[in-house]
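The values are calculated or read from the model by the stated rules, or taken from the named source; none is laboratory data. Source: prediction; values computed, not measured. Here the Cβ positions follow ideal geometry from the backbone for every residue, glycine too, while neighbour counts run over all protein chains shown. For the accessible areas, the whole protein counts, side chains as well, though only heavy atoms, and no ligand, DNA or RNA atoms are used. Shrake-Rupley method; radii C 1.70, N 1.55, O 1.52, S 1.80 Å.
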Amino acid sequence: MHFGTPDRVPYLEEGIRKDVIESWYRQGLSRKTDISDLFKIDHSHEVELDCDLLSTLPNRPTSLEELSQLRNHLNSEKLSRFWRKQQKKIRLWQKKDHIIFIRVHRGFFLSMGVHNWGGFTEIISLLLDDPGFVREAMLIQGEFTAKLLDEVLQDIEIDAVIFSEPIAGNEGPLISPTMYEEFILKSYHPILDIANKHGIDTIILRTYANIRKLIPNILKNGFNCLWACETNSIAMDYRDLRKEFGHDLRLIGGIDVDALRYDKATIRQEIEEKVPELIASGGFVPIANGRIRKDISFENYVYYRSLLEQITSNKN
């Protein structure tokens with residue numbers, strides 16, 4: 001991720017669920033075989049800070065005046081409680097030779113308590129009718145998360161922080177780049193300051209669908225790595241993003257997971273057309289851009305991972 005000359009790229013895990021593994025058992029995978037034993041895998045661990053603040057309140061604030069409840073909720077005692085939950089896990093993480101990510105934010109909509117269409121409509125209305133409330137609610141949560149992250153990073157070294165941001169559909173972002181910067185990115189600044197303070201130099205925005213119009217503002221506000229999932233493969237083609245944004249934007253992902261649903265020729269074409277070019281330009285970790293599901297055959301997955309390993313280690 002630093003545009004150096006490593007002997008190979010990291011081979012990240014893809015979080016394959018048990019139902020997929022069960023399906024693969026019926027297709028020939030031995031029950032005595034761990035999927036991680038079949039390929040080179042650099043084990044990673046993603047830690048989520050317990051910062052889902054609005055859902056822990058008995059009555060969620062709905063106005064600027066009521067936000068004092070939230071500030072009182074985030075006193076030093078609460079900070080210690082959140083921190084104590086992580087201590088045992090952190091001691092285990094430190095002993096393991098894993099790539100360690102910390103997910104520091106759930107993104108705008110989830111942080112504002114949106115879990116259904118009704119909540120989505122409410123928050124969009126608040127952006128127009130009470131922008132001060134939205135701005136303050138996001139900043140309070142950003143400041144609290146920054147304090148918690150500062151505590152955590154006293155005791156653990158990590159490789160990157162991840163901000164999760166489900167903010168778009170296939171046609172583009174659900175809010176404008178200007179609003180995204182004003183209400184969301186500015187609230188992330190306290191967290192980014194702490195990450196910089198502790199020398200974390202890979203700041204990942206993990207997004208979904210098509211957020212291309214937001215990328216210039218994302219880069220301007222301190223992010224330097226994109227991990228795009230479930231994307232519109234044309235609008236978010238990593239080769240185009242690299243040409244447009246150069247080395248300012250590091251990249252994780254980029255392999256269209258839909259290609260794994262077809263035949264080996266399609267898989268080979270997807271990897272050979274994208275991966276060598278992006279690896280040559282640096283700052284790129286290849287991985288499927290979506291979850292591996294049961295409709296992807298075991299045979300195709302084995303072929304994909306084996307081919308990826310061959311191409312990235314120059315064995316082909």
Restricting attention to the stretch 238-266, the residues that are open to solvent by 30 Å² or more (accessible area, probe 1.4 Å) and among the aliphatic types (A, V, I, L, M) number exactly 1
Let me spell it out: the conditions are (1) out of contact with any helix residue (DSSP H, G or I) (no Cβ under 6 Å at 6 or more places or on another chain); (2) over 22 Å from A288 (Cβ atoms); (3) open to solvent by less than 30 Å² (accessible area, probe 1.4 Å); (4) aliphatic (A, V, I, L, M), and I194 meets all of them except one. Which number is the exception?
(1)
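Matching residues to (1) touching an Asp or Glu at 6+ places or on another chain (Cβ under 9 Å); (2) part of a helix (DSSP H, G or I):
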site	(1), (2)
A228	no, no
L251	no, no
G254	yes, no
E273	no, yes
I279	no, yes
R293	yes, no
E299	no, yes
For residues in the stretch 284-305 being at pLDDT 95 or above and among the small types (G, A, S), which is farthest from the chain's Cα centre (by Cα)?
S297
Test set (1) closer than 14 Å to H105 by Cβ; (2) touching a helix residue (DSSP H, G or I) at 6+ places or on another chain (Cβ under 8 Å); (3) crowded, with 19+ Cβ neighbours inside 10 Å; (4) not charged (D, E, K, R) - H189 fails condition number:
(3)
The lone condition K213 fails out of (1) in contact with a helix residue (DSSP H, G or I) (Cβ under 6 Å, 6 or more places away or on another chain); (2) modelled with pLDDT of 95 or more; (3) in a loop (DSSP other than H, G, I, E, B) is (3)
Within the stretch 156-179, identify whether any single residue is farther than 27 Å from G283 by Cα, in contact with a helix residue (DSSP H, G or I) (Cβ under 9 Å, 6 or more places away or on another chain), of a type outside the set (A, V, I, L, M) and touching a residue at least 60 places away in the same chain (Cβ under 8 Å), and answer yes or no.
no
How many residues does the stretch 27-52 contain that are in a loop (DSSP other than H, G, I, E, B) and touching a helix residue (DSSP H, G or I) at 6+ places or on another chain (Cβ under 9 Å)?
13
Restricting attention to the stretch 103-122, and to residues there that are modelled with pLDDT under 90 and of a type in the set (A, V, I, L, M), which single residue is nearest to I203 (Cα to Cα)?
L110
Being open to solvent by 30 Å² or more (accessible area, probe 1.4 Å) and either without any contact (Cβ under 8 Å) to a residue 40 or more places away in the chain or under 21 Å from Y180 (Cα atoms) (or both) narrows it down to one residue among L226, L219; which is it?
L219
